[in-house]
Structure formats: C-alpha cells, structure tokens
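The values are calculated or read from the model by the stated rules, or taken from the named source; none is laboratory data. Since this is a predicted model, take the numbers as computed values, not measurements. Counting neighbours? That spans all protein chains shown, and the Cβs are built from the backbone with ideal geometry, glycine included. We work out accessible area using only protein heavy atoms, side chains counted, and drop any ligands, DNA or RNA first. Shrake-Rupley method; radii C 1.70, N 1.55, O 1.52, S 1.80 Å.
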Amino acid sequence: MENSDVFSSSTAPLTWHDFLERMRHPSAVDFVKAIKSFIVSFLNNAPDAERDSAAVQEFFGNMEAAFRAHSLWAGSSEEELESVGEGLEKYVMTKLFTRVFASMPEDVKADEQLHEKMALIQQFIRPENLDIKLTFQNETSWLLAQKELQKINMYKAPRDKLVCILNCCKVISNLLINASLASNEDHPGADEFLPVLIYVTIKANPPQLHSNLSYIQRFRRQTHLVAEAAYFFTNMLSVESFIMNIDAKALSMDETEFEKNMESARALLSGLSKSSDTQTQADQKFEHDPNVSVESSETKSKNDEQYGKNQSSINKTPSISDLENKGANMLLKENEASQVFRDFPFLYSQAGDLTVGDVEDLLNNYKQLVFKYVSLTKGLGVKIPSPSLSKAQCQNSEQPEFAKEPEMREAHLTDNTGNYGEVSVFRLENSESKMPEEVGFQSQCEEGNVSPER
Amino acid sequence: MGCSSSVPDRGTGRAGGINPDSGGVIDAKNLRVKGELVLLGDSGVGKSCIVLRFVRGQFDPTSKVTVGASFLSQTVALQDSTTVKFEIWDTAGQERYAALAPLYYRGAAVAVVVYDITSPESFSKAQYWVKELQKHGSPDIVMALVGNKADLQEKREVPVQDGIDYAEKNGMFFIETSAKTADNINQLFEVGLEKLNLIKRLWT
C-alpha cells in the first residue's frame with residue numbers, strides 16, 4: 001500500500017473528527033460496542049508488555065478489516081479508510097494510555113537511566129565527539145529539531161508521538177541537505193545524519209524517552225511503522241542504544257577526561273536542581289518583583305558562573321530544560337490541555353492567515369511574552385539579553401512556561417529548513433490530538449460484538 | 001564534488017534489466033515487490049553518493065522518489081511489468097556506530113557493502129561487515145560487494161582481483177562503481193532487483 005507512509009497519511013483531512021462522526025452514525029453501533037468492550041476487558045487484565053501489544057495490534061487489524069467491509073465505508077477511498085484507522089488508534093490508545101505507558105518497572109528504570117545519562121553528557125559533549133563535520137555543525141538550527149522531539153510528551157496517540165520523532169528527523173535531514181548544497185559537499189548520508197540525531201537527542205533530553213519508544217513500537221499500528229517512518233524510528237532506537245552505552249571510547253575521549261567531565265556534570269546538576277526547585281516555588285513573586293531573591297547565595301553564584309560563561313546556551317542548561325519538561329508533563333496530565341492553548345489564538349496560524357488587524361493582538365502578546373521572559377530571566381539570575389539580539393540568539397531565549405512559543409518557532413522553521421508545508425501540516429494535525437474525555441459515543445449499545453469479517 | 005552534481009546520468013550503465021520507460025503508469029494489479037536495501041561501509045566510501053546516483057539516474061516520471069539525507073526510496077518498473085519499490089537504508093559507517101548496524105539490517109532483503117578502492121582499511125572494514133551479516137543477518141539476504149571510486153585508478157590500492165575473490169568466496173555479487181562518473185551504478189541495482197525478483201518468484 002502506497003499510503004503506508006506516515007507523511008502522506010497525515011495530510012488526510014479531518015482524521016479525528018471524521019472518525020468521531022462515523023462512530024456516531026447509527027449503523028456504527030456495533031463498532032462502538034466492540035471498541036468499548038475491548039477497552040474494558042483490556043483494562044481488567046494485568047499489565048504484560050507483550051500480551052498487551054499483541055492484543056491491541058490484533059484488535060486494530062480486525063477492526064480495520066471490519067471497517068473496510070461495512071456499508072458505512074462503501075465507496076470510500078483508501079485515504080478515508082486510512083484516516084478511520086488512525087482515529088481508532090488515537091481513541092483506543094488515549095483510553096489505555098495511563099495503563100500501558102511507562103507501566104513496566106523496567107521501562108521506568110530505563111527512562112531514569114537514560115534521562116540521567118543525557119543530563120550529564122549534554123553538559124560537555126561537543127559535535128566533534130560524534131564525528132560531526134564542521135560543515136554540518138549548526139547548533140542554533142538544531143534547536144528546532146530539539147523542540148520537535150521535546151513535544152513527544154504532549155501527545156498520547158502513538159502516531160502523534162511518532163510524528164514528533166519524524167519531524168525532528170526531517171528538520172535534521174533538511175538542514176544537512178541545505179548545508180551540503182551551501183558548501184558544495186557531497187550529499188549527506190547516515191554518516192552525517194545519525195551523529196546529529198544523537199547530539200540533538202542528548203541536548204533535548206525528553207523525559208521518558210525509552211517508554212515513548214517502547215510505546216510506539218508496541219502500539220503504533222504495525223502496518224504503519226514502515227518505509228521512511230520505520231527508518232527514522234530505527235534511527236531513534238539506535239540513538240537510544242548508543243546513549244545507553246556511551247563511554248569514553250564512544251566519544252573519543254580519554255578515560256580520565258570522560259570521568260572528570262561526568263563528575264563535574266554531576267556536581268553542576270545537583271546544584272542546579274536545588275535552585276530550580278526554589279525557582280518554581282518563587283515564580284509568583286518574580287512576577288511582581290524581579291529583583292527578589294529567594295535562592296541561597298551559594299546556588300545563585302553557581303548559576304551566575306554557569307550562565308555567565310556561556311550566554312548562548314541558556315536553554316540548554318538542565319534547569320531550564322527540566323522546567324520546560326516539567327511544564328510539558330503537567331500540561332499532559334491536565335485534562336484541559338486544549339483549554340490552555342485556546343487562549344493563544346495564533347498558535348496554529350500561518351503567516352498567510354494573519355490580517356493587519358491581528359498585528360495589535362500579536363504585539364500585545366509579544367509584549368507580555370517579553371515581560372514574562374525578562375522576569376523569569378531575572379529570577380534565574382541570568383543576564384538579560386539586549387533587544388538587539390540576532391534572531392539566532394532569540395531562539396535560544398525560549399522560556400519553559402510559554403505555550404505560545406511554538407508560533408514563533410514555526411516562523412523560524414520556515415526560514416531555516418525550507419520545509420514549511422510539510423512540517424506545519426504535521427503540527428496542525430498533531431494539534432488535534434487532545435482528547436476530549438468522552439467522545440460522545442452512543443451509549444445505548446448492548447452486549448454483543450462485531451464479527452470482523454475477512 | 002562527485003555525487004552532488006545534478007548532471008543526469010549519462011546512461012552508460014543502463015542495460016536491459018530496468019526499464020524506466022515501460023508503460024508509464026504503474027498498474028496496481030501488477031505484482032509489487034518491496035525491497036529493503038541496507039548500505040554498509042566505512043564513512044567516506046561514498047555510500048550515499050551511490051544511491052543518489054541511482055535515484056537521480058532514473059527518469060521515470062511516474063516513479064515516486066524520496067530523497068532524504070539518509071533514506072531514499074524509488075519505485076522502478078521492470079520489463080515484466082513488475083514494479084519494485086526500493087527502500088534504501090543508509091547506515092553510519094564510523095567505528096563508534098558499528099554496534100548499531102544490526103538494528104538496520106535485521107529486516108533487509110539486500111545488503112550492499114561498499115568500500116573505497118583507494119583505501120585498504122575500508123576493504124577490511126567491508127570484510128568485517130560481510131562477516132557480521134553472515135552471523136546476524138537474515139539467512140536469505142542478498143549481498144553485494146561494491147568497490148567504489150573506480151574512477152581513481154591511479155590511486156588504486158585494492159586490486160580488482162581481491163574484490164572478485166573475496167566476493168566469490170562469500171557468494172556475493174561483485175562490482176566496481178564510480179559514483180562520480182555513474183559507471184556501473186545501474187548494473188549494481190539491477191542485479192539487486194533481479195535477485196529480489198527471483199526470490200519473490202520462488203516464494204509465489
């Protein structure tokens with residue numbers, strides 16, 4: 001099937017709403033019944049990674065076959081059938097999410113190990129340690145790829161999570177191709193791609209990466225983890241494996257140098273985690289008086305030293321990314337995640353959608369952003385960058401709590417990757433993924449089940 | 001440099017097997033074969049150039065092509081109206097990433113192991129990959145050994161015969177290519193295609 005490609009299927013119109021509409025149709029009553037009873041019986045069983053995965057995959061396969069044979073989809077295109085399959089995956093997995101995501105102790109342990117390792121290594125790793133040629137080094141633009149990857153915890157559906165990985169990979173791939181064209185280098189291949197993906201992942205350090213990958217592997221519809229999606233996903237698995245096993249040799253470092261780096265990274269992290277706790281508690285105060293200092297002078301001076309050294313890496317330090325990750329996690333837990341974003345009307349706009357009348361609103365939003373940003377920066381003890389910053393530095397100054405930030409990034413993405421259409425389509429698609437608690441399935445269904453015909 | 005030129009394949013390498021102009025439209029009812037081809041070899045031997053040459057050298061306007069940094073796919077129509085969708089998975093060749101390769105070649109139908117005829121080290125590395133594939137790859141994987149940069153005759157350090165001998169000993173197809181001049185690039189993929197096709201026929 002040609003439409004097995006995630007990139008093309010993601011452009012299917014109204015995937016999610018279409019699914020819900022169809023399920024509301026009277027003739028879909030048996031489907032609704034089957035879905036509900038599957039979810040109920042699944043939740044009644046004790047967790048078991050392999051069995052869970054097999055049960056879900058089998059259910060998806062059976063249901064898709066039944067959809068195909070049902071009059072509700074008579075004369076439907078492959079694309080429409082495709083989209084209902086996506087809808088089913090999203091509905092079922094959102095319902096099962098808390099039960100199956102990171103529910104195995106070994107997954108949780110791997111998450112912690114991986115996260116800690118990345119938190120330490122990101123302090124000292126250089127592109128050279130991974131064989132990234134100078135021509136292809138572009139840390140500023142790699143931030144875009146990091147941001148794509150960090151979104152992975154904002155979604156519950158396997159496909160949406162996978163799309164975050166694919167977007168990250170696409171950004172890197174396009175940056176590499178552009179760099180090779182600009183420098184007259186050979187077309188980049190995996191020799192260039194994999195090292196950058198490793199570097200970007202370490203710097204992004206998305207929480208629960210291992211669980212996310214296992215979850216996608218187990219619950220993404222298997223018929224759709226193929227072709228380019230499968231390739232990029234395999235790269236992500238290989239990134240995980242590389243990072244888990246990183247040692248001095250893997251980074252071409254001297255054994256003692258590596259240990260020394262790890263030690264000082266540990267020291268730095270323990271200092272910063274103290275200060276970031278204080279920071280969250282003190283958020284409110286900073287809003288009103290940016291000069292108020294609740295941090296102990298010891299951690300404060302540590303911060304100053306750290307940030308003073310390298311202004312441009314502000315948001316790569318663990319305190320900032322930890323805060324951001326924390327925020328993203330909290331968002332995910334909130335039932336009203338979509339409510340939060342509703343207050344930011346431009347979040348999913350593209351340049352062409354805007355009118356002159358929007359400028360005032362945008363400007364106001366911008367001013368609020370700047371004010372909050374400056375307050376937060378003060379609060380963290382970082383020097384406030386001057387407004388004459390280059391665009392590149394501005395991108396660095398993203399702050400964790402602003403859900404509206406992606407809008408700005410989108411604009412940058414267009415400039416830097418030339419990948420506007422594709423990536424922004426994903427983003428719009430992805431934005432649909434917030435699940436209403438109850439989807440309004442008809443409840444009049446009785447016991448009985450769909451017999452999936454094949 | 002070599003492969004980054006957008007000059008189309010001058011067609012020297014094209015022989016009977018692949019027929020990009022056949023019929024134009026790919027009939028959905030025709031047999032379709034999907035081949036996952038994995039590229040292995042030291043960094044700098046020109047793995048990505050070879051596939052780029054191949055993909056760019058195909059002129060069939062109906063074929064769907066994906067050209068990324070490390071993933072390429074190309075649908076090719078064969079003369080018997082079979083279409084083959086090639087998915088080409090590139091792997092990182094640097095030593096530090098060697099342990100990750102099995103993740104990539106696990107499901108591959110074809111493995112193309114590339115070395116640089118001007119670099120004996122890359123030839124030993126190629127032999128390492130062949131051994132790894134024999135140990136961990138699928139038992140019916142089709143393997144090809146490719147000596148690239150054949151245009152650099154004056155710098156040659158790996159004799160053609162060495163490549164031929166090693167390939168023969170290990171039941172591999174052998175060819176020397178030049179991604180720069182496009183020599184033999186199509187032959188390489190044709191053989192891969194034909195072998196795949198043959199396997200497929202045996203199955204069905």
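Please find, among B:116, B:90, B:80, B:42, the residue that is farther than 21 Å from residue A:235 by Cα and at pLDDT 80 or above.
Working: B:90 fails: farther than 21 Å from residue A:235 by Cα; B:80 fails: at pLDDT 80 or above; B:42 fails: farther than 21 Å from residue A:235 by Cα.
Of the residues listed, the single one that is farther than 21 Å from residue A:235 by Cα and at pLDDT 80 or above is B:116.
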Considering the stretch B:72-82 alone, what residues qualify as being touching a residue at least 40 places away in the same chain (Cβ under 8 Å) and surrounded by 22 or more Cβ atoms within 10 Å (Cβ to Cβ)?
-> B:76, B:77
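Counting only residues that are within 21 Å of residue B:49 (Cα to Cα) and of a type in the set (Lys, Arg), which one in the stretch B:147-179 is most open to solvent (accessible area, probe 1.4 Å)? Can you show your working first?
First, pick out the residues of the stretch B:147-179 that are within 21 Å of residue B:49 (Cα to Cα): B:147-158, B:160, B:163, B:173-179.
Keeping just the survivors that are of a type in the set (Lys, Arg) gives B:149, B:155-156.
On the way: B:149: 56, B:155: 120, B:156: 59 Å².
Here the answer is B:155.
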So which residues in the stretch A:172-189 are open to solvent by 40 Å² or more (accessible area, probe 1.4 Å), facing chain B (nearest Cβ under 9 Å) and hydrophobic (A, V, I, L, M, F, W, C), if there are any at all?
-> A:181
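Results for (1) assigned to a loop (DSSP other than H, G, I, E, B); (2) away from chain A (no Cβ under 12 Å); (3) open to solvent by less than 30 Å² (accessible area, probe 1.4 Å), shown as yes or no for each residue.
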{"site": "B:96", "(1), (2), (3)": "no, no, no"}
{"site": "B:115", "(1), (2), (3)": "no, yes, yes"}
{"site": "B:139", "(1), (2), (3)": "yes, yes, no"}
{"site": "B:145", "(1), (2), (3)": "no, yes, yes"}
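Return the only residue of A:53, A:83, A:76 being in contact with a Lys or Arg (Cβ under 6 Å, 6 or more places away or on another chain), among the polar types (S, T, N, Q) and open to solvent by less than 40 Å² (accessible area, probe 1.4 Å).
Details: A:83 fails: in contact with a Lys or Arg (Cβ under 6 Å, 6 or more places away or on another chain); A:76 fails: in contact with a Lys or Arg (Cβ under 6 Å, 6 or more places away or on another chain).
After applying the criteria, what remains is A:53.
When the stretch A:248-266 is examined, which residues are found to be within 10 Å of chain B (Cβ to nearest Cβ) and either charged (D, E, K, R) or in a loop (DSSP other than H, G, I, E, B) (or both)? Step through it out loud before you land on a result.
Going residue by residue through the stretch A:248-266, those that are within 10 Å of chain B (Cβ to nearest Cβ) are A:249-252.
Those that are within 10 Å of chain B (Cβ to nearest Cβ) and either charged (D, E, K, R) or in a loop (DSSP other than H, G, I, E, B) (or both): A:249, A:252.
From the list A:134, A:130, A:120, A:166, which one is away from chain B (no Cβ under 13 Å) and surrounded by 19 or more Cβ atoms within 10 Å (Cβ to Cβ)? Let's see the steps before the verdict.
Details: A:134 fails: surrounded by 19 or more Cβ atoms within 10 Å (Cβ to Cβ); A:130 fails: away from chain B (no Cβ under 13 Å); A:166 fails: away from chain B (no Cβ under 13 Å).
Criteria check complete, one pass: A:120.
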Restricting the stretch B:150-164 to residues that are modelled with pLDDT of 95 or more and in contact with a strand residue (DSSP E or B) (Cβ under 6 Å, 6 or more places away or on another chain), the residue that is farthest from residue B:43 (Cα to Cα) = B:164
Could you grab the pairs with beta carbons closer than 7 Å, sequence gap of 6+ or different chains, first residue in the stretch A:124-135 and touching a residue at least 60 places away in the same chain (Cβ under 8 Å) and over 12 Å from residue A:197 (Cα atoms), second one part of a loop (DSSP other than H, G, I, E, B) and of a type in the set (Gly, Ala, Ser)?
-> A:129/A:252
Among (1) open to solvent by 10 Å² or more (accessible area, probe 1.4 Å); (2) modelled with pLDDT under 95, the one test that residue A:224 misses | (1)
Are there any pairs, at least 6 apart or on different chains, whose C-beta atoms fall under 9 Å, with the first in the stretch A:87-115 and under 15 Å from residue A:216 (Cβ atoms) and the second hydroxyl-bearing (Ser, Thr, Tyr) and not in a helix (DSSP H, G or I), and if so, which?
-> A:90/A:433; A:94/A:433
Any chance residue A:226 is more than 30 Å from residue A:61 (Cβ to Cβ) and in contact (Cβ under 8 Å) with a residue 12 or more places away in the chain | no
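Keeping to the stretch B:152-186, report how many residues are within 12 Å of residue B:117 (Cα to Cα) and assigned to a loop (DSSP other than H, G, I, E, B). Before the answer, list the steps.
Let us first name the residues in the stretch B:152-186 that are within 12 Å of residue B:117 (Cα to Cα), namely B:152-163, B:175-178.
Restricting the remaining residues to those that are assigned to a loop (DSSP other than H, G, I, E, B) gives B:152, B:156-159, B:177.
Of the residues in that region, 6 qualify.
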In the stretch A:212-231, the residues that are away from chain B (no Cβ under 14 Å) and outside any helix (DSSP H, G or I) = A:220, A:221
